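My structure is below; once you've seen it, I'll send some questions.
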Amino acid sequence: MASIELTIENFEQTILENDMVVIDFWAEWCGPCKMFGPTFEKVSGQHEDVVFAKCDTEAQQQIAAQFGIQSIPTLAIMREKVLLFSQAGALPESALTDIVTKAKGLDMTEVHAQIAEQEAKTKAETKAED
């Protein structure tokens, strides 16, 4: 599957309607981004059940800001609307494949339970401080 272009117009739909989305934050002027692009495309073809999306940080500044992008390329992985991974730097094919495979293998019921537990703990700590 070839990657899609992630824009402010399709962002919400892409995240909500797909179990897993791998995002490559890049810019036209970025040399490392251009070097990483073919790797991203190649790995996207190995995971037909995952949406691979490219987000041009120059054209889509609102999305880049939402993810706190400060360096490019940056790779982000979302699954079931949860940000599982975000890291700046171009990855070799083997590392990208490994990260995508590990994200696919996570027990998301457990991940959601851990998030709920942490949110409850934070809420309780905030309440205790008041």
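So, in Å, what gap is there between the alpha-carbon centers of segment 1-40 and segment 50-111?
When both Cα centres are located, 9 Å separates them.
By the scheme Lys and Arg +1, Asp and Glu -1, what is the net charge of all other residues having a beta-carbon under 13 Å from that of residue 59? Display every interim value, and only then the final one.
Numbers: positive: 54; negative: 5, 9, 28, 56, 58.
After counting each charged neighbour, the total is -4.
From largest to smallest, what semi-axes in whole angstrom does the chain give when each is the square root of 5 times an eigenvalue of its alpha carbon gyration tensor?
28, 18, 14
Oh, and also: Regarding segment 19-92, what whole-number volume in Å³ per residue does the convex hull of its Cα atoms give?
Values: hull volume 6.1 nm³, N = 74.
Taking the convex hull of the Cα positions in segment 19-92, it is 83 Å³ per residue.
Counting other C-beta atoms within 10 Å, and keeping those with at most 16, which DSSP coil GluC sites (Glu not before Pro) do you find in segment 9-48? Present the calculation step by step, with values, prior to reporting the outcome.
Details: sites: 9, 12, 17, 28, 41, 48; in loops: 9, 28, 48.
Hits after loop and neighbour filter: 9, 28, 48.
Short version: what are the Cα gyration tensor semi-axes of segment 14-60, square root of 5 times each eigenvalue, largest first, in whole Å? Let's see the in-between values first.
Working: eigenvalues 83, 42, 5 Å².
Values for segment 14-60, descending: 20, 15, 5 Å.
Where a Cα-Cα gap under 30 Å defines reach, which lysines qualify for residue 34, not counting those fewer than 8 residues away within the same chain?
Once the sequence-local lysines are set aside, what remains near residue 34 is 42, 54, 81, 102, 104.
Taking the Cβ of residue 112 as the centre, find all other residues whose Cβ is under 11 Å away and add up their charges (Lys, Arg: +1; Asp, Glu: -1).
Values: positive: 79, 81; negative: 80, 107, 110, 117, 119.
Spelling it out: positives minus negatives among the neighbours equals -3.
Report, to the nearest 10°, how far helix 31-44 tilts away from the longest principal axis of the Cα atoms in the chain, using its own Cα long axis and a range of 0 to 90°.
So the helix axis and the longest Cα principal axis differ by about 80 degrees.
Given a 1.4 Å probe and every protein chain left where it sits, what share in percent of the accessible area of segment 48-89 is carbon and sulfur?
Details: 860 of 2060 Å².
Here carbon and sulfur together make up 42 percent of the probe-accessible area.
Among 101, 39, 14, determine the one that fluctuates most according to a GNM of the chain built with springs between C-alpha atoms less than 10 Å apart.
Between 101, 39, 14, it is 101 that shows the largest mean-square fluctuation.
Lone cysteines in the chain, defined as no other cysteine's Cβ under 4.7 Å from theirs: which are they?
Result for the chain is 55, no neighbouring Cys Cβ within the cutoff.
The values are calculated or read from the model by the stated rules, or taken from the named source; none is laboratory data. Keep in mind it's a predicted model, so treat the numbers as computed, not measured. Note that each Cβ is placed from the backbone with ideal geometry, even for glycine, and that neighbours are counted across all protein chains shown. Only protein heavy atoms, including side chains, enter the accessible area calculation; ligands, DNA and RNA are left aside. Shrake-Rupley method; radii C 1.70, N 1.55, O 1.52, S 1.80 Å.
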